[in-house]
Amino acid sequence: AIPFVGFGIMDNAILILAGDAIDNSLGVMFGISTLCAAALGNIISDVAGVGLGTVIEDYCARLGIPQPNLSQAQRQLRSVRFTNQFGCAFGLIIGCVIGMFPLLLLDAEKAEKAKDELHLDDMFKDMVTEAKELIGAEYTGLFLVVDDETETSPKMHTKREKRREGGCLYCKHIDGSDNHAHVPIGDGVLSSSALSGMIANVSGLDKMEGSEMNTCGDVAAAYGIDPKSVKSMACIPVHDALGNVVAVIQAINKVGTGTVPSGQFLRRRNTMNWKEKGFTKEDVQVLQALATRISITFEGMQSENEKVHLRDTIKILKEHGTLQLQ
């Protein structure tokens, strides 16, 4: 039974350490499940068992543990064989329990956090690079509502909270680069949508003067552009299941028709109307569809359900329009 204690310690310890390493590396890189990482860790553990088996047996032999002096006939007795099997199984169980000690040293949520961060990073990229093509916008971005400039993840609410001023809006991969920004919630259109939870679709911003130009102040801070270059803007709040605003989708300057198939709605294709009238009702519906998918993804991060990839939603919108998402 003593050698099997060693086998159990080695098998479980290597399985846990290898599975955790695979989950934190290949699991994050390729999106494989934790169970798949554990199965790969078990392969490594079994291969190690083949190589280390004789080492464990030799070490146990050096301990000088007395061996039972039984004849060949006695070894064939059913009671002796049952006792031997029971001892081996008991030793293996004890070893496996002891071999679970790496669980005390490892961060059980590290891999899931890394997967959530990678998924969130992809979401930022898709909003900046892919979403703007859907509605023909010059800029699009996803801004998370966070408490301060140290936070970069969506806030998870446990109850419906009162909207209050203060806090920041966090955006990453601005203009397709690795730049990120924390924008203080203030008086701009983006901030107003985050505070009120209402959709904002405004045009003619370049014609505003004086204090009215403050409506584009948060845009200038985030994108590093001249507020006077902002002609139209659409802001769509993202709500969680409790109704709290957790993020805001922003689109700036209508410059094209977009890639959503026409035919569901009457779409004006006059290039002069794009700049004068800004984003259409159809554009807002497309952004609302994206906001719904983002909300589902955030809920999945909290409940560990399957995550909805924003890129898949954008592909559906490009091919079929908003009717396929209703």
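Based on this model, can you work out whether A111 counts as touching a helix residue (DSSP H, G or I) at 6+ places or on another chain (Cβ under 6 Å) and either of a type outside the set (D, E) or under 30 Å from S229 (Cβ atoms) (or both)?
Working: touching a helix residue (DSSP H, G or I) at 6+ places or on another chain (Cβ under 6 Å): yes; either of a type outside the set (D, E) or under 30 Å from S229 (Cβ atoms) (or both): yes.
Yes.
Quickly run through segment 278-300 and pick out the residues that are open to solvent by less than 60 Å² (accessible area, probe 1.4 Å) and touching a strand residue (DSSP E or B) at 6+ places or on another chain (Cβ under 9 Å).
Scanning segment 278-300 gives G278, F279, T280, D283, V284, L287, L290, A291, I294, S295, F298.
Please state which of the following conditions I32 fails to meet, knowing it meets all the rest: (1) part of a helix (DSSP H, G or I); (2) without any contact (Cβ under 8 Å) to a residue 24 or more places away in the chain.
The number of the failed condition is (1).
Of the numbered conditions (1) in contact with a Phe, Trp or Tyr (Cβ under 8 Å, 6 or more places away or on another chain); (2) at pLDDT 75 or above; (3) open to solvent by 30 Å² or more (accessible area, probe 1.4 Å); (4) under 23 Å from D283 (Cα atoms), A234 fails exactly one; give the number of that condition.
Going through (1) in contact with a Phe, Trp or Tyr (Cβ under 8 Å, 6 or more places away or on another chain); (2) at pLDDT 75 or above; (3) open to solvent by 30 Å² or more (accessible area, probe 1.4 Å); (4) under 23 Å from D283 (Cα atoms) one by one, A234 breaks only (3).
Need the failing condition index for C36 against (1) modelled with pLDDT of 85 or more; (2) open to solvent by less than 50 Å² (accessible area, probe 1.4 Å), just the number.
In the conditions (1) modelled with pLDDT of 85 or more; (2) open to solvent by less than 50 Å² (accessible area, probe 1.4 Å), C36 misses (2) alone.
Every residue in segment 76-96 that is under 58 Å from the mean Cα position of the chain (by Cα) and not hydrophobic (A, V, I, L, M, F, W, C), please. Explain how you work it out, then say what you get.
Filtering segment 76-96 for residues under 58 Å from the mean Cα position of the chain (by Cα) gives 78-96.
R78, S79, R81, T83, N84, Q85, G87, G91, G95 - these are the residues of segment 76-96 that are under 58 Å from the mean Cα position of the chain (by Cα) and not hydrophobic (A, V, I, L, M, F, W, C).
Modelled with pLDDT of 85 or more, among the hydroxyl-bearing types (S, T, Y) and either under 22 Å from T280 (Cβ atoms) or open to solvent by 70 Å² or more (accessible area, probe 1.4 Å) (or both): is that true of S191 in this structure? If you could, list the steps in order and put the result at the bottom.
Values: modelled with pLDDT of 85 or more: yes; among the hydroxyl-bearing types (S, T, Y): yes; either under 22 Å from T280 (Cβ atoms) or open to solvent by 70 Å² or more (accessible area, probe 1.4 Å) (or both): no.
No, not satisfied.
Counting only residues that are over 19 Å from G53 (Cβ atoms) and either assigned to a loop (DSSP other than H, G, I, E, B) or open to solvent by 100 Å² or more (accessible area, probe 1.4 Å) (or both), how many does segment 65-89 have?
Just the residues of segment 65-89 that are over 19 Å from G53 (Cβ atoms), to begin with: 66, 68-83, 86.
Narrowing the set further to residues that are either assigned to a loop (DSSP other than H, G, I, E, B) or open to solvent by 100 Å² or more (accessible area, probe 1.4 Å) (or both) leaves 66, 68-72, 75-78, 81-82, 86.
Number satisfying all stated conditions: 13.
Determine which single condition L106 fails, assuming it passes every other condition in (1) at pLDDT 85 or above; (2) open to solvent by 80 Å² or more (accessible area, probe 1.4 Å); (3) not in a helix (DSSP H, G or I).
(2)
Just to be sure before I move on: is L169 touching a strand residue (DSSP E or B) at 6+ places or on another chain (Cβ under 9 Å) and either surrounded by fewer than 21 Cβ atoms within 10 Å (Cβ to Cβ) or over 27 Å from S229 (Cβ atoms) (or both) in the structure I sent?
Values: touching a strand residue (DSSP E or B) at 6+ places or on another chain (Cβ under 9 Å): yes; either surrounded by fewer than 21 Cβ atoms within 10 Å (Cβ to Cβ) or over 27 Å from S229 (Cβ atoms) (or both): no.
No, not satisfied.
Residues being surrounded by fewer than 16 Cβ atoms within 10 Å (Cβ to Cβ) and either closer than 16 Å to A222 by Cβ or in contact (Cβ under 8 Å) with a residue 40 or more places away in the chain (or both): count how many of those fall in segment 134-150.
If we filter segment 134-150 for residues that are surrounded by fewer than 16 Cβ atoms within 10 Å (Cβ to Cβ), which is where we start, we get 147-150.
So of that shortlist, the ones also either closer than 16 Å to A222 by Cβ or in contact (Cβ under 8 Å) with a residue 40 or more places away in the chain (or both) come out as 149.
The qualifying residues number 1.
The values are calculated or read from the model by the stated rules, or taken from the named source; none is laboratory data. Since the structure is predicted, the reported quantities are computational estimates derived from the model, not experimental observations. All Cβ positions, glycine included, derive from the backbone under ideal geometry; neighbour counts span all protein chains shown. In case anyone asks, the SASA skips ligands and DNA or RNA and just uses the protein heavy atoms, side chains included. Shrake-Rupley method; radii C 1.70, N 1.55, O 1.52, S 1.80 Å.
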